[in-house]
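Inspection log for the structure reproduced underneath, given as structure tokens.
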Amino acid sequence: MGIYGLVVSVLISGDIKSPMTLYAGFVQLGAGLSVGLAGLAAGFAIGIVGDAGVRGTAQQPRLYIGMILILIFAEVLGLYGLIVALILNTRSQDAIGVRTRY
């Protein structure tokens, strides 16, 4: 999941221009926050599910498949954050007609 933040940061740093609009800056901030907070939530969920899943699998081996499925659903939270960040980053170039200096 850490690679998601790296990908978004490289994309955002490639879009930085000298006269940057306030709109573009806030959209890029939102993109970074979305991937970061989604990764935080996914990591927290994976930790809780992984702990409970390992303890449950030790007592009942049939729970292994269910644990893996729940871990996949927890990982998807981070992927959703990446998708939202990519959409926001593409919208940061839509600031036509917005003032550049305040």
Exercise for the section: Identify, from the list 59, 93, the residue that is touching a residue at least 60 places away in the same chain (Cβ under 8 Å) and out of contact with any strand residue (DSSP E or B) (no Cβ under 6 Å at 6 or more places or on another chain). Expected result: 93
Exercise for the section: From 4, 23, 64, grab the single residue that is more than 21 Å from the chain's Cα centre (by Cα) and either modelled with pLDDT under 95 or in a helix (DSSP H, G or I) (or both). Expected result: 64
Practice task
Output the qualifying pairs, or none if there are none: Cβ atoms under 8 angstrom, residues six or more apart or on different chains, first residue in segment 64-88 and within 13 Å of residue 45 (Cβ to Cβ), second residue of a type in the set (S, T, N, Q).
Solution key: 67/57; 81/34
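The values are calculated or read from the model by the stated rules, or taken from the named source; none is laboratory data. A quick note: this is a predicted structure, and the numbers were derived from the prediction, not measured. Note that we place each Cβ from the backbone using ideal geometry, even for glycine, and neighbour counts take in every protein chain shown.
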